[in-house]
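Remarks on the structure that follows.
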Amino acid sequence: MVRSTGDDVLALFHSLRSAYAATPKNLKIIDLYVAFAVSTALIQVVYMAMVGSFPFNSFLSGVLSCVGTAVLAVCLRIQVNKENKEFKDLPPERAYADFILCNLVLHLVIMNFLG
Amino acid sequence: MLQCLSFASKLYSLWKLIDLKSAAGALVVYVNADFFVQFLVSGLEVSMATGRRLGSRGDAIVLLLLIVAAGSICTSATNFQPVSDSHRSAAVEIFTPVDGSFESIEETYEAVQTFKILGIEAKPDVRVTACTLVSEVLGASSSPLKELFYALKVSSLLKCDASQFEATASRLKSIPSNAKSLNDLYYSIAALVLIKNQSPEADVLLDDADGVFQAIKALSQSDGRWRYSSDNPASSTYAAGMALEALAGVISLATKDIGKSRINVVKSDILKLFDSIEKYDDGTFYFDDKSGTVSSLATTSSVVQGVTAFASAASGTLNLPEDKILGLTKYFLSIGIPGDAKEFFNQVNSLSCLENSRVSIPLILALPATVISLTKKDKLKVKVTTALSSRSPPLSVKVVSASISGSKDVSVIENQELVFDEEGALHVLDLPASIDVGKYIFVFEIVFHNSKDGKIYAPGGQTKVPVHVSGTIKIEKFEISVLDSDVGSIDTQKQLNFETENDVSLDANHLQKLRLSFQLSTPQGNAFKPHQAILKLKHEKAEHIFMIGNSGKHFQVILDFLGLVEKFFYLSGRYDIQLTVGDTVMENSFYQAIGHVELDLPEAPEKAPRPPLQSVDPFLRYGAKGEISHIFRSPEKRPPENLSLAFLVLTLLPFLGFLVGLLKLGLNLKNFPSASVPAMFAILFHVGIGAILSLYALFWLKMDLFTTLKTLSLLGAFAMFVGHRILSHVASSSSKLKSA
């Protein structure tokens, strides 16, 4: 029973990987970016758990910067995805420009809050 | 006025003396310094006897007494002390040569002249260096007139054997006839006179003496003052002194006598000058230079030198009012001991001029001590000397009258002659029984034994001197009692002794009264009313002061607590009782804690006033404030540095992973525009974004929000423009690709 579950999980992963391999390259890049941002945020949370939250604003800005940029990247991915019919008329360049602008605004606030 | 000023400067040092509670030795030194202090110190000794018993609070009373004394000193009657040994020791301190010589020839002259007048043996090294300086000045052909003049003065005092007299004389001789300014005339003529006195063979006599005399006289004004030069219209009293001395010099340098009428004109000028003399309230006279550049001491000194020089040079007598001569002398004496060398010289030199003049020699009547203790059976002592403390001619001193100051009552002594004590050159009087403690004004008169002396000396009529007669006040029937209010019967009564410590403890309620009474009488058995008789009740939250009234000898204060409950703020509990009885003439003034009374007062009604906050001790107000210790927040615990650095590296790892992932995905830049214009826009777009990100970094590191936003608006507009261009280019190319 246990073994078959393991095999199932493996099989699940394999199918997932093969299905993901079909994803367009630009979406993969965005996924990679999201993973990078989320893991950076996680490392910061671990650090805070270890040493305490003393410069709390710095911690918050660090984590929020990562999470925020990840969320924006996800938004970008939704808009750029060709499968997504809702944004069919929206050119990816426009979506990218939005992403850049939102990131700049987000980081201006983050820098202000960093202290 | 001057006394008040000089007194004020002394008060501070006296205050320090009190603080130190120094021994009598230190005080005696002070006594010599100034006669005002002498009076104060005697008062002080009295107060300090009690002060020692009272501790620090006693000092406050002593200060109070000092201030009261200061007020009473500044009256018209004053005791001027002649120049004494304290002047001599001060002179040695003020005129101290540096490395055996003084700064200038002028200062050398002032020092040597002061030492000579005061009879101080100058150190031999001063003579050698001074005489070398003299021959240097006389030898140099370019020495200014003023330096030549002072060099000659020094040489005449020290008898330096300088050989350049004749050369100097020939240089100076032509100056008076051609000089335009008073300064040139004065210095050249005075220098010639000095040469004449030192070297009889030098040719110094003026052929044109009459013309020079006229030239100087031409500068005089109608009010007796002089101008410095003919083209300067401002006249000066100081210049008058110089001119008179120069005229005296011309008279002694003249080959033939100056006309008598000319001299008489100058004499009337002098009388006019004396009409402009100024007067202080204490009877001192002085001259003031209206121009304001010269001090009144220097002006007065200049006039005195000029007038006395003229009086000795001119034939005939100069009739100057005796009281003004004496007033001038008193003016110089009233300064005390100046701390400045120039002022010291002016004072001593002028006094010497007055004393050696042909006008009239002022006599100073002074009391060595103006506080006389009845307890110690002190005698009234009077000393009559000249201003420089030389002995007076045979004379006797008479007390014309003596009355209590402030009242115009009958005099207690009338026309009593003092006994002359040959030994101390003092005139002594045993105080008669009619004199009791108090502040008196004594009026003295000098009577010459030889009537001829009256023409030579100026005793100045009657002299008023304030005298404090102090004594031990007898205190009797000193008792405190608690009375029942309604009937007035005595509840408790305690006898007190002011000489020993008292510690009575009483109980009273608001229906009772507290009575404190005592009797004061003077050594002669008269009633005595001290300046201060104060009762103080001190609760821990408030203190109350009551004046003690008297009828004759009997002093009494009755506190009716029923009427005082509101004033006492309904505060029950322990009240310390303190009594102050003090006066400047009371030798046993005291300030004493008598004990305490336990008061039982009714409860305060709701609207009763609250006791004021205890006032801060006024002496503490100016003291050092308490130190403020700042409490800082203890810094937060920081993690070890290595851990933080490790996590810094750790946060960089995902970024590396991101880059590696990009490479694995096969990222390329094939989509980057190849045409030059879009490529340039693409590069500029990335540069713009990079610039904005570096601006954020700068904002974090040092910039403020406003500069950042200003710069950001510029950079943002730029990035937006190029971004729009490149992205629309990319969009159009991709749509072309699609359509194709």
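Here are the numbers for this structure:
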quantity	calculated
Matching residues, region B:224-270, being among the basic types (K, R) and either surrounded by 12 or more Cβ atoms within 10 Å (Cβ to Cβ) or part of a loop (DSSP other than H, G, I, E, B) (or both)	B:R225, B:R227, B:K256, B:R262, B:K267
Filter pass, B:K452 being at positive phi, surrounded by fewer than 18 Cβ atoms within 10 Å (Cβ to Cβ) and either modelled with pLDDT of 80 or more or in contact with a Pro (Cβ under 8 Å, 6 or more places away or on another chain) (or both)	no
Enumerated strands (runs of 3 or more DSSP E) restricted to region B:343-442, each holding at least 2 residues that are among the hydroxyl-bearing types (S, T, Y) and in contact (Cβ under 8 Å) with a residue 40 or more places away in the chain	B:380-386, B:395-404
From B:A179, B:A218, residue being open to solvent by 30 Å² or more (accessible area, probe 1.4 Å) and in contact with a Ser or Thr (Cβ under 8 Å, 6 or more places away or on another chain)	B:A218
Residue in region A:82-89 that is loosely packed, with under 15 Cβ neighbours inside 10 Å and in contact (Cβ under 8 Å) with a residue 24 or more places away in the chain present	yes
Single match in A:L101, A:L27, A:L106, A:L90 (criterion: within 14 Å of chain B (Cβ to nearest Cβ), in a helix (DSSP H, G or I), more than 16 Å from the chain's Cα centre (by Cα) and under 30 Å from B:H729 (Cβ atoms))	A:L101
Conditions (1) modelled with pLDDT of 85 or more; (2) more than 14 Å from chain A (Cβ to nearest Cβ); number of the one not met by B:F619	(1)
Only one of A:A95, A:A70 that is surrounded by 14 or more Cβ atoms within 10 Å (Cβ to Cβ), among the small types (G, A, S) and over 13 Å from the mean Cα position of the chain (by Cα)	A:A95
Single match in B:L148, B:L158 (criterion: modelled with pLDDT of 80 or more, surrounded by 17 or more Cβ atoms within 10 Å (Cβ to Cβ) and in contact with a Lys or Arg (Cβ under 6 Å, 6 or more places away or on another chain))	B:L158
Boolean, B:V687 is more than 10 Å from chain A (Cβ to nearest Cβ), in contact with a Leu (Cβ under 9 Å, 6 or more places away or on another chain) and β-branched (V, I, T)	no
Residue in region B:644-662 that is open to solvent by 100 Å² or more (accessible area, probe 1.4 Å) and more than 10 Å from chain A (Cβ to nearest Cβ) present	no
Among the candidates B:Q495, B:Q462, residue that is surrounded by fewer than 16 Cβ atoms within 10 Å (Cβ to Cβ), touching a strand residue (DSSP E or B) at 6+ places or on another chain (Cβ under 9 Å) and within 30 Å of B:E566 (Cα to Cα)	B:Q495
Enumeration of residues in region B:513-541 that are surrounded by fewer than 16 Cβ atoms within 10 Å (Cβ to Cβ) and among the hydrophobic types (A, V, I, L, M, F, W, C)	B:A527
Residue match in region A:35-54 (condition: within 28 Å of B:S644 (Cβ to Cβ), open to solvent by less than 60 Å² (accessible area, probe 1.4 Å) and in a loop (DSSP other than H, G, I, E, B))	yes
B:A111 in contact with a Phe, Trp or Tyr (Cβ under 6 Å, 6 or more places away or on another chain), modelled with pLDDT of 80 or more and not hydroxyl-bearing (S, T, Y)	yes
Any hit, region B:286-306, residues being buried (at least 21 other Cβ atoms within 10 Å of the Cβ) and assigned to a loop (DSSP other than H, G, I, E, B)	yes
Residues of region B:692-706 classified as facing chain A (nearest Cβ under 9 Å), open to solvent by 80 Å² or more (accessible area, probe 1.4 Å) and either farther than 12 Å from A:F113 by Cα or acidic (D, E) (or both), total	1
Qualifying position, being open to solvent by 40 Å² or more (accessible area, probe 1.4 Å) and within 25 Å of B:I216 (Cα to Cα), among B:S142, B:S174	B:S174
Qualifying position, being open to solvent by 10 Å² or more (accessible area, probe 1.4 Å) and in contact with a helix residue (DSSP H, G or I) (Cβ under 7 Å, 6 or more places away or on another chain), among B:F345, B:F420	B:F345
Condition check for B:R574: over 24 Å from B:P605 (Cα atoms) and touching a strand residue (DSSP E or B) at 6+ places or on another chain (Cβ under 9 Å)	no
Odd one out for B:S733, checked against (1) at pLDDT 90 or above; (2) open to solvent by less than 90 Å² (accessible area, probe 1.4 Å)	(1)
Checking B:N671 against (1) open to solvent by 50 Å² or more (accessible area, probe 1.4 Å); (2) away from every other protein chain (no Cβ under 12 Å); (3) touching a residue at least 12 places away in the same chain (Cβ under 8 Å); (4) not in a helix (DSSP H, G or I), the condition it does not meet	(2)
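The values are calculated or read from the model by the stated rules, or taken from the named source; none is laboratory data. All of these numbers come straight from a predicted model, not from anything done at the bench. Methodologically, a virtual Cβ is constructed for each residue, glycine included, from the backbone with ideal geometry; neighbour enumeration extends over all protein chains shown. Please note that ligands, DNA and RNA were not included when accessible areas were found on the heavy atoms of the full protein model with its side chains. Shrake-Rupley method; radii C 1.70, N 1.55, O 1.52, S 1.80 Å.
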